[in-house]
Structure formats: C-alpha cells, structure tokens
Amino acid sequence: MPQRTDKTPSVTEAPAPTSAATFASLDPRTGAVLAEYPVHDAEQVAAAVARAREAAVWWADLGFDGRRKWLQKWKTAIAADVRSLAAVIAAETGKPSDDALLEVMLAVEHLDWASKNAAKVLGRRKVPSGLVSANQESTLQYQPLGVVGVIGPWNYPLYTPMGSISYALAAGNAIVFKPSELTPGVATWIADKWNALVPNQPVLQVVTGLGATGAALVEAGVDKVAFTGSSPTAKKVMAACAKTLTPLVAECGGKDAMLVAADADLDAAAEFAAFGGMGNAGQTCAGVERIFVADQVYDAFVDKLTEHASRLRPGGAPDASYGPMTLERQNDVVRGHVEDALDKGARAVLGGRESLHAPYIDPVILGDVPEDSTAMTEETFGPIVAVNRMRDLEDGVEKANRSSYGLGASIFTKNKAQAVAAAEKLNTGMVSINSVLGFAGVPSLPFGGVGESGFGRIHGADGLREFSRPKAVTRQKFAAPLNLLTMQRRARDMKISAWMLRTRHGRG
Ligand code: NAD
C-alpha cells in the first residue's frame with residue numbers, strides 16, 4: 001500500500017488505496033520530494049462518498065449548535081498549531097512563511113464566521129404570508145444538501161478550499177475534498193486535525209490524486225460540487241455535472257483591473273499595486289493584472305510603482321518578497337504573455353524577457369500594452385502588471401469591462417461618490433475601493449465572479465446558502481375567508497377576488 005513519507009502528518013480518513021499508483025508532492029523551490037500520496041481511483045472515491053453520506057446524517061442531526069461546537073474546536077486546533085500548517089503551505093507552494101501564516105489567519109476567520117452565523121442565516125424563521133394568504137403561517141429554513149465534493153487549487157491551498165469547506169460544514173454537509181495534486185499535504189493536515197477530534201465520523205475526508213480523481217469525485221453522486229480552479233477545467237467539470245444535474249459552484253480565474261483616478265493617493269495606489277500584482281508571485285485569482293491610470297498622473301504613478309517593484313526580491317528564503325512559480329508550466333504562460341506584449345509594441349518599464357528565469361520571475365511592469373495582447377486578455381498568474389492609460393473613471397470602467405473575466409477589481413480615488421458609481425458599473429463580483437483584495441478578508445461578504453470567473457458564491461450569508469436547499473412550509477391557521485383552494489368556489493368569493501385584484505394592482 002502506498003504511503004506518504006514521514007515528513008507529513010499521518011493518513012486521513014481517505015480510503016485505503018488498493019492500487020499501487022502514487023504521486024509526489026514537491027517543494028517548488030528545490031524540486032525536493034516532500035511526500036508520496038496515493039492516487040485514489042473512482043472506486044475509492046465512491047467509497048469515500050458513501051461513507052460521507054452516513055456521516056452527513058449524524059452531522060446534520062447535530063443541528064446548528066452542535067456543529068458550531070465542533071467547528072469551534074477544530075478552529076482552535078488549527079489556530080493553536082498555525083506554525084506547523086504554515087510550514088506545510090510554504091513547503092508545497094514555495095510561498096514565504098509570512099504569506100503562509102496570513103493565509104491560515106484568513107481561513108480561520110472565515111471558519112469562525114461561518115460556524116457562528118449559520119444558525120442566524122439558515123435557521124427556521126417566519127416570513128410574511130401576504131394579504132391573499134393571511135390565513136397561512138409561512139416559514140423558511142435552509143437544509144443541508146448532504147455530501148459536497150470540494151475540488152481545490154494550489155495557489156491558496158488552505159484559504160480557497162476552506163471558503164467552501166467551512167461554509168458547507170456549517171450548513172450541515174459532509175465533505176469529500178480533492179485538493180490540487182501540488183498541495184495534498186495541506187489538505188491532509190486539516191483533515192487529520194478534524195479526525196483527531198471526531199475520529200468516528202468521516203465528516204471531512206480527503207481523496208488525493210490528479211485530475212482524474214477530481215473527475216471521479218464529480219461523478220460519484222455528490223449533492224453539489226464546489227470547484228475552484230481554472231476556467232477551462234471548470235467547463236469540463238460543468239459538462240460532467242450536467243449528466244446528473246449535479247449543482248456546481250465554480251470559482252475560476254480572473255484578470256482583475258485596478259483603476260487609478262487623477263485625484264488618487266498615488267503613493268498608496270502604487271504600494272497596493274505592487275502587493276496586488278506581485279504578492280504570491282502574482283498567483284492570486286483576484287490579484288491585480290491590469291492597471292488603468294488617469295492620463296494626468298500616469299507617469300507619476302508608473303514611477304512610484306517602479307520604485308516599489310524594484311525593491312522586491314523573489315526567492316526561496318523565508319523572508320523573500322515572494323516565492324517561485326508553484327506550477328512549473330506557468331513559467332511558459334508568463335513568458336508567452338510578456339513576449340507577446342513586447343512583440344506587439346508594449347514598453348518594458350521594469351524588467352522584461354530577462355526577468356523570466358524559472359522557477360523565480362522578477363517583477364515586470366509593462367506600459368501601454370496593446371489591448372489585443374494576451375497580457376490584457378488572458379489570466380497571466382505571474383508577477384507581471386500591464387499599466388495602461390484612461391481618460392477618467394468612466395473610461396477606465398469601460399476598458400476594465402472589456403475582459404471576459406469578472407472576479408474582482410479595485411478603484412483608487414478620493415471621491416467616494418465617483419468610486420461607488422464606478423464600483424456599481426464594474427462587471428465583477430467584488431470591488432475594493434482604496435485598497436486591493438479588501439473583500440477577501442471580510443467573512444460576511446460573498447466571494448465569486450461573473451463570466452469566465454465562474455458563478456455561485458462562497459463566504460458570507462450567500463456562501464452558507466450556496467450549500468443549502470431552501471425549504472418553504474405553510475401551515476393553515478384558520479379557514480380562508482375567501483375560499484379559493486376548492487373545486488366549489490363561490491361566485492361571491494370570485495367577485496371579491498376580482499375587486500381586490502383591480503383595487504390592489506390595477507390602478508397604474
Ligand atoms: P486547475 O483547473 O488546473 O485545477 C484545479 C483542480 O481541478 C485541481 O485539484 C485538479 O486536480 C482538478 N481537476 C483537473 N481536471 C479535472 C477534471 N477533469 N475534473 C475534476 N477536477 C479536475 O487549476 P489550478 O492550476 O490548480 O489553480 C489555478 C486556477 O485557480 C487559476 O485560474 C486561479 O485563478 C483559480 N483560482 C480561483 C479562485 C477563486 O476563488 N475564484 C481562487 C484560487 C484560484
């Protein structure tokens with residue numbers, strides 16, 4: 001039976017592998033093998049889902065209070081051992097240890113919010129019945145779906161899948177989690193922590209493997225799939241879900257724009273742009289990839305951004321500004337985008353072709369980038385920003401909206417009214433004003449995109465409802481004065497109904 005090496009935590013509730021297939025998780029900074037993990041096949045994935053279905057009954061029966069207690073214990077266990085989890089994140093992604101620690105902090109905040117707010121958002125409540133149905137008492141509650149299959153990416157291997165896992169668990173579902181093949185250790189770490197608390201109820205199981213294991217999970221009869229990853233894979237997952245009408249929440253890629261108005265605080269905007277564009281080596285779904293700057297301040301902004309970006313030092317040390325490209329083939333994507341932009345006439349403001357030396361990429365700032373270059377149209381996922389000009393915020397919104405993606409965006413201006421108006425017109429799921437990624441740390445706000453960035457929401461009340469089904473119940477309290485739900489309607493009742501309809505709704 002394939003086993004992980006002793007460098008990672010012990011085996012989780014995942015099914016015992018029967019085949020000899022394994023894969024290695026690597027440290028992208030050194031290429032060193034961290035551990036071997038089993039490739040779970042369709043049969044093993046189906047067995048995990050079957051076990052989850054039983055555990056889901058126990059979990060749902062605990063109710064909101066019971067689940068909250070377990071989720072709070074799990075939260076405490078994760079937070080108390082944060083250094084160990086951050087070390088696994090850093091080893092598997094190559095990101096600096098501070099970034100890994102912040103990732104744990106954000107994930108824990110979301111887990112805390114989801115567990116504390118599920119009862120309020122999803123619990124049974126009365127809703128008004130309306131005049132016509134005044135004899136009914138109407139109640140609404142949100143019930144768990146059953147088993148949710150979570151498929152995760154590697155760039156934020158904890159924060160991102162936990163956006164589905166925490167909310168789906170708080171809503172009363174059991175989880176089978178298929179992490180990215182680049183970051184199986186993070187997934188097993190959190191599942192091990194869960195199973196140390198609740199060893200006899202496989203409410204959270206991890207199945208490991210490549211894309212085929214994810215595909216098997218989608219086809220294993222789960223009640224919903226929560227997918228986070230690239231848009232092309234989301235389309236395959238959606239096609240597979242269509243076969244069984246399995247619902248899907250799809251959190252996909254982005255091409256987020258930052259708009260910098262003429263009155264913006266340019267120092268702050270430039271500092272945020274360097275963080276949003278180059279933090280995590282640009283491997284952030286809602287990172288800054290396109291920047292549109294008002295003509296009057298374009299040069300001043302570019303100078304300030306160049307100053308910030310020039311100070312960044314990518315590398316493998318724990319205190320590096322950012323780490324390597326976690327996914328090796330991403331180096332080629334980034335190279336392709338930089339070369340395409342330069343070939344089409346973009347200016348290399350900072351760095352250029354010489355910045356691309358895998359696995360580390362130095363910061364690249366491209367100026368006046370042609371709209372049809374891939375650096376403007378496709379997700380780059382590297383420490384590269386394209387800085388173009390706009391007349392004003394209205395023009396910037398129009399340019400930002402030319403993307404087929406619509407995940408997040410940011411606006412820098414001192415004019416609150418104009419910022420709010422521009423935010424409304426941006427064709428994205430989220431907007432930060434005078435910061436970047438501000439929305440990602442607010443657990444009560446929903447997270448998700450439009451267009452190629454996907455659909456459905458994690459986080460917030462919408463994220464809890466995403467993993468629930470509404471149950472609408474009416475209870476007749478007394479016989480209706482107008483008895484319309486009968487095969488023997490009286491002429492008098494119909495006359496009054498017609499009069500009510502005209503009086504209430506027919507007077508323009
Ligand atoms: P990916 O699409 O290559 O893989 C995502 C997951 O899907 C992996 O676990 C993979 O094994 C699995 N998979 C592959 N083929 C599958 C199939 N046919 N059926 C089911 N599962 C399959 O994405 P990635 O490279 O791991 O992640 C990077 C992408 O994720 C970027 O595009 C990034 O923008 C996006 N992302 C989005 C968000 C968000 O919240 N919107 C957050 C983080 C990352």
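Where a number appears in this text, it was derived from the coordinates with a stated rule and is not lab data. Just so it is clear, the model here is predicted, and its values are computed rather than measured. Glycine also receives a Cβ, built like all others from the backbone with ideal geometry; neighbour counts cover every protein chain displayed.
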Legend entry - Theoretical ellipticity at 222 nm over the chain - DSSP helices of four or more residues, -39500 (n - 2.57) apiece, nearest 500: -13000 deg cm²/dmol
Legend entry - Reachable lysines, given that their alpha-carbon falls under 26 Å from the alpha-carbon of K495 and they are not under 8 places away in the same chain: K477
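Please sort 135-143, 99-107 by packing, taking for each peptide the average over its residues of neighbouring beta carbons within 10 angstrom, highest first. Don't skip to the answer; put the middle values down first.
Numbers: 135-143: 15.4, 99-107: 21.0.
Result, highest mean Cβ count within 10 Å first: 99-107, 135-143.
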Inset, instruction - Scan the chain and note any complete DSSP helix (H) whose C-alpha atoms cover at least 15 Å along its axis and whose Kyte-Doolittle average is 0.5 or more. - result: 82-93, 159-170, 266-278
Inset, instruction - Rank by packing, highest mean first: peptides 416-425, 109-118, 231-240, 469-478, with packing defined as the count of other Cβ atoms within 10 Å averaged across residues. - result: 109-118, 231-240, 416-425, 469-478
Legend entry - Point-to-point label distance, R83-D368, nm (Cα→Cβ direction, 7 Å offset): 5.3 nm
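Taking 0.36 nm per intervening residue step and subtracting the Cα-Cα distance, what contour gain separates D265 from D295 on full extension? Walk me through the intermediate numbers first.
Working: separation 30, 0.36 × 30 = 10.80 nm, distance 1.49 nm.
Answer, rounded to one decimal: 9.3 nm.
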Inset, instruction - Please name whichever of V104, T246, A270 sits farthest to the positive end of the charge dipole of the chain, dipole taken about the Cα centre and charges placed at Cβ: Lys and Arg +1, Asp and Glu -1. - result: T246
Legend entry - Cα lying deepest toward the dipole's positive end in the chain, options V222, A191, S432, charges on Cβ: V222
Legend entry - Contact order relative to length of the chain, as percent, for alpha carbon pairs under 8 angstrom and 6 or more apart: 17 percent
Inset, instruction - Quote to one decimal, in nm, the extra length available between V442 and T76 on full extension: 0.36 nm per residue of separation minus the C-alpha distance between them. - result: 129.8 nm
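Only Lys, Arg, Asp and Glu count, each charged at its Cβ (+1, +1, -1, -1), so figure out the dipole size of segment 388-451 about its Cα centre, rounded to 20 debye. Can you show the working numbers first?
Details: 7 positive and 5 negative charges, 26 e Å.
Here segment 388-451 has a charge dipole of around 120 debye.
Need the full-extension length gain, S138 to E354, defined as separation in residues times 0.36 nm minus the C-alpha distance. One decimal, nm. Mind dumping the intermediate values first?
Working: separation 216, 0.36 × 216 = 77.76 nm, distance 6.62 nm.
Extra length from S138 to E354 when fully extended: 71.1 nm.
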Inset, instruction - Compute the relative contact order of segment 257-443 as a whole-number percentage, counting only Cα pairs closer than 8 Å that sit 6 or more residues apart in sequence. - result: 28 percent
Inset, instruction - Anything over 19 Å Cα to Cα? Flag those among K75/K116; K224/K471; K95/K304, in the order listed. - result: K95/K304
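Note down the relative contact order for segment 106-245 as a percent, whole number, built from C-alpha pairs under 8 angstrom at least six residues apart.
Details: 199 pairs, mean separation 34.7, N = 140.
About 25 percent, as a whole number.
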Legend entry - Relative packing of 68-74, 276-282, which averages over residues the other C-beta atoms within 10 Å, highest first: 276-282, 68-74
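With only Lys, Arg, Asp and Glu charged, each at its Cβ (+1 for the first two, -1 for the last two), find how big the charge dipole of segment 257-443 is about the Cα centre; round to the nearest 20 debye. Don't skip to the end; give the middle numbers.
Numbers: 16 positive and 27 negative charges, 52 e Å.
The dipole of segment 257-443 has a size of about 260 debye.
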